[in-house]
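I have placed the structure first, in the form of structure tokens, so that the comments after it can refer back to it.
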Amino acid sequence: MHQMAPSPAAFKSAGPLSGRVRVPGDKSISHRSLMLSALAVGTSSVEGLLEGEDVLATAAAMRAMGARIERGADGRWTIHGVGVGGLLQPQQALDMGNSGTSTRLLMGLVASHAITATFIGDASLSKRPMNRVIDPLSLMGAEFTASPGGRLPLVLRGIAPAVPIEYRLPVASAQVKSALLLAGLNTPGITRVVEPVPTRDHSERMLRGFGAELTVDQDGTGARVISIRGEAELRPQHIVVPGDPSSAAFPVVAALLVPGSDVIVENVGLNPTRAGLFDVLRMMGADIELVDAREVGGEPVADLRVRGSSLHGVEVPPDIAPSMIDEFPILFVAASVAKGRTVARGLEELRVKESDRLALMARGLARLGVRVEESKDGLIIDGTDGALLAANGPVEIAAELDHRIAMSFAVAGLVSANTVTIDDMAPVATSFPTFQRLMQSLGATVA
Ligand code: S3P
């Protein structure tokens, strides 16, 4: 969360990858487990929490607003909640680091408390649009003083009681949906979010698990209507966080692309609102086997056995996009060595993630020698049919503080004839602190 010296790393092709690995806990579920535990009455515990910088930013903010949060020597986290409505005025600005999820969800929580909080973040986060949460939270009565364009740093003056609203999401965003549901927790009456395009449903699942009165219906247009009754009393829970499919995506694609690989990634969360990448990879001819499918903490989970596969290009079905929204950078790497053309459209949202992911992927892949065409809302990629990337010499990639751009090009390095150097791997610690070690344990060459 503080600026550290850049930490470059070089990746290049090696022999087949093999072994059995476990990815860290799901980032989305980890954030929510801390926030809801902090609002329950009593002591909750969380196993398998992602100890990445983004989630630690959430923990620090919840502590600053009164929750007691401790990490046990066994890695289990304990959270003593303050009760819904019990958040305290933070004494300092809340430093959100690189984390859009922390920022937007916590803005929702603060909005319906009579407290004032300042939100700050790093250079990447300070470029990201916050009007998508400012607008609906203002309708509930909260007041904002934001930087130009509705950006961080911003000051939020919450209100209690807030006004319950019904809000139709103008962008498909789980963060906006969740911000409103969390604001609704401490708002009298029913707060309703209408979601025309379904996004990840971890908030709904977990709010119910904590005892909130939450229903999901469909309206006449087929949109999901999520209603939460406010002034809820949350009961403390024991939460087990499954492995993050968005992190698993990197070793999975690496194993698919490096010929002869055979890798097992254990404990991968396969919530249908998150697992779109694995479906698209299968459409491309990927050999991904689900082993020991089970349920962990109310979420479907399996071990994935992945073998090196010859992939072919596909047209990515637009309705799958929300269930793999964070996985497009690594999908584009897979498409780059597939046989034939991959077309992905309807992805304007990728331009306002931790970086402009369409622009950075198009630029970086072109430098690796891939034929790629960027449009307003997507990429068209003509794959090399298995030929190695970076055939004309070493390439350096600027990751622009985007963990998933860094990891995607690291995987591209494993199928490159020359080294691919990422200028700074430090941002990877926001979501997947063990990435380099894990990839090395599978046989990847990292310098
Ligand atoms: C997240 C939602 C997604 C995703 C982000 C995490 C969440 O963003 O990109 O990494 O935990 O709710 P959107 O809110 O834009 O869908």
Relative contact order [Cα under 8 Å, 6+ residues apart], the chain, whole percent: 19 percent
How many nm separate the modelled label positions at Arg22 and Ala114, each set 7 Å beyond the Cα in the direction of the Cβ? 4.7 nm
Taking Cα pairs under 8 Å and at least six residues apart, what relative contact order does region 225-333 come out at, in percent? 32 percent
Let me check I've understood the local charge: for Gly346, count other residues with C-beta under 13 angstrom from its C-beta, Lys and Arg +1, Asp and Glu -1. What total comes out? -2
Distance in nm between pseudo-label sites at Arg341 and Ala5 (7 Å out along the Cβ direction from Cα): 4.8 nm
For the pair Glu373 and Arg76, the simple spin-label estimate (label points 7 Å beyond Cα toward Cβ) gives in nm 5.7 nm
Give the peptides 303-310, 410-417, 177-184 in descending order of average Cβ contacts within 10 Å, highest first. 177-184, 410-417, 303-310
Region 27-240: relative contact order in percent, alpha carbon pairs under 8 Å with at least 6 residues between: 21 percent
Net charge of Cβ neighbours under 14 Å - reference Ala444; Lys, Arg +1; Asp, Glu -1: +2
Step by step: find N for region 27-240, compute 2.2 N^0.38 Å, then divide the Cα radius of gyration by it. What's the final number? 0.93
Proximal lysine pairs in the chain, meaning Cα under 18 Å and 8 or more positions apart or interchain, come to 5
Sparsely packed GluC sites (Glu not before Pro) within region 179-264, loop by DSSP, other Cβ within 10 Å at most 15: Glu213, Glu231, Glu233
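Determine, from the Cβ-Cβ distance of Val155 and His312 and an R0 of 41 Å, the FRET efficiency 1/(1 + (r/R0)^6), rounded to the nearest 0.05.
So, using R0 = 41 Å, E works out to roughly 0.20.
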List the trypsin sites (Lys or Arg not before Pro) in region 320-377 that DSSP assigns to loop (not H, G, I, E or B) and whose Cβ has at most 13 other Cβ atoms within 10 Å. Which are they? Lys376
Among Pro148, Leu125, Ala73, whose Cα sits farthest toward the positive end of the charge dipole of region 27-240 (+1 at Cβ of Lys/Arg, -1 at Cβ of Asp/Glu, about the Cα centre)? Pro148
Quick check for you: which residues of region 379-422 have the amide N under 15 Å from the point 7 Å beyond the Cα of Ala447 toward its beta carbon? 393-397, 413-422
To the nearest 0.05, what FRET efficiency results for Gln440 and Ala417 with a Förster distance of 25 Å applied to their C-beta separation? 0.80
Can you work out ³J(HN,Hα) from phi for every residue in region 303-310, in order, using Karplus 6.51 cos²θ - 1.76 cosθ + 1.60 and θ = phi - 60°, giving whole Hz and x for Gly and Pro? 8, 10, 9, 10, 10, x, 9, 8
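Bear in mind these aren't lab numbers, they're just calculated from the coordinates by the rules spelled out. Since we're looking at a predicted model, the values are computed, not measured. We place every Cβ from the backbone using ideal geometry, glycine too, and count neighbours over all the protein chains shown.
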